1. Multiplying the sequence separation of residue 187 and residue 23 by 0.36 nm and subtracting their Cα-Cα distance, what value in nm do you get?
2. Can you tell me the Rg and the Dmax, both Å, for the Cα atoms in segment 90-170?
3. State, to one decimal in nm, how far the label point of residue 59 lies from the label point of residue 194, with both points 7 Å from Cα in the Cβ direction.
4. Full extension from residue 109 to residue 354: what is 0.36 nm times the residue separation minus their Cα-Cα distance, to one decimal in nm?
5. Can you give me the distance in nm between label points at residue 308 and residue 158, each placed 7 Å from the Cα along the Cα-to-Cβ direction?
6. How large is the direction-averaged shadow of the alpha-carbon convex hull of segment 107-225, in nm²?
7. Expected output is a single nm value to one decimal: the length gained when fully extending between residue 149 and residue 333, i.e. 0.36 nm times separation in residues minus the C-alpha distance. What is it?
């Protein structure tokens with residue numbers, strides 16, 4: 001072996017390339033290994049660390065993919081690249097190829113949320129708007145597909161860039177999923193775990209289609225307008241309490257408030273009412289001596305005529321109503337009005353009272369039309 005062969009051997013040994021990437025960031029998903037004119041020496045060492053995948057791109061085409069390990073780059077372990085280049089008997093140094101390192105670790109605590117409120121239709125409350133937010137975790141499970149479909153020629157691709165795409169996908173699929181769930185509006189916030197699992201299952205195929213695995217998906221909160229929350233709480237109380245007891249309770253509260261208003265007319269009336277009650281109670285406590293005096297005086301004066309007894313109160317009309325396909329009631333007119341005001345029933349709800357041949361929608365019962373408003377009389381005829 002000549003002196004020049006020794007020098008060539010020594011130089012080739014000293015200048016063998018090391019192709020590797022040390023990730024000192026927390027958000028880089030793909031990093032392109034930069035070389036002058038993308039030239040790599042024959043026999044270069046490729047080092048792929050745990051949590052990485054190395055992808056070779058040649059002439060814009062996906063070539064060889066390497067999992068964690070150390071490799072000597074030659075035609076034996078670059079079969080696809082060798083086919084693309086047409087190397088039948090090996091290749092001369094250097095050769096050109098782009099090397100991308102893909103971070104395959106788990107990216108956790110990524111945020112998502114609905115930018116705009118989602119409109120849902122509820123049988124009791126009509127159209128309502130809700131918002132939701134949470135977190136998710138993902139990792140790259142097909143590095144080659146991810147580079148071809150998402151990264152392209154980007155030299156440094158971060159999770160911020162892919163998150164915008166993923167959050168839009170999540171918001172779309174989340175909207176579809178809760179729309180198809182068709183749950184009562186108050187149950188969305190109470191069943192976040194079940195909804196999270198369903199959304200994860202629904203979204204997984206679309207993530208996989210671009211080389212991403214959706215590992216975790218969490219719905220942390222489902223929110224709605226405050227006025228809707230109050231209506232839901234009121235409805236839940238109505239659903240649990242006896243309507244007659246609730247009506248009496250509210251009437252008692254109203255009396256209590258009126259009695260507390262001592263300076264107002266209601267307070268004065270309440271005071272008079274209490275005075276009458278006390279007078280009646282005290283009337284039964286008359287001194288026995290006064291009773292004897294009254295008996296003596298009755299001999300000198302004619303006994304006054306007894307007051308006329310008032311007729312009995314007319315029987316209050318009782319109504320039955322249909323709720324969720326079942327008969328409910330009976331309730332009074334005022335109780336039925338409260339059910340309508342609280343949206344437990346609506347104008348299409350079927351009602352029945354004694355004397356009606358069949359069940360009829362509330363809007364068609366004459367005395368109940370007052371619930372709907374619009375009882376303004378027509379204009380007077382022109383003279």
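1. 54.6 nm
2. 20.1, 76
3. Taking the simple label geometry, residue 59 and residue 194 are separated by 5.7 nm.
4. Working: separation 245, 0.36 × 245 = 88.20 nm, distance 6.24 nm.
Between residue 109 and residue 354, full extension yields an extra 82.0 nm.
5. The modelled label-to-label distance comes out at 9.3 nm.
6. Numbers: hull surface 29.3 nm².
If I average the Cα hull's projected area over directions, I get 7.3 nm².
7. Details: separation 184, 0.36 × 184 = 66.24 nm, distance 6.58 nm.
Here the answer is 59.7 nm.
Since every read-out is calculated from the coordinates, none of them should be taken as a lab result. Bear in mind that the values here come from a model prediction, so they are computed numbers and not experimental data. Note: ideal-geometry Cβ built from the backbone for every residue, glycine included; neighbour counts use all protein chains shown.
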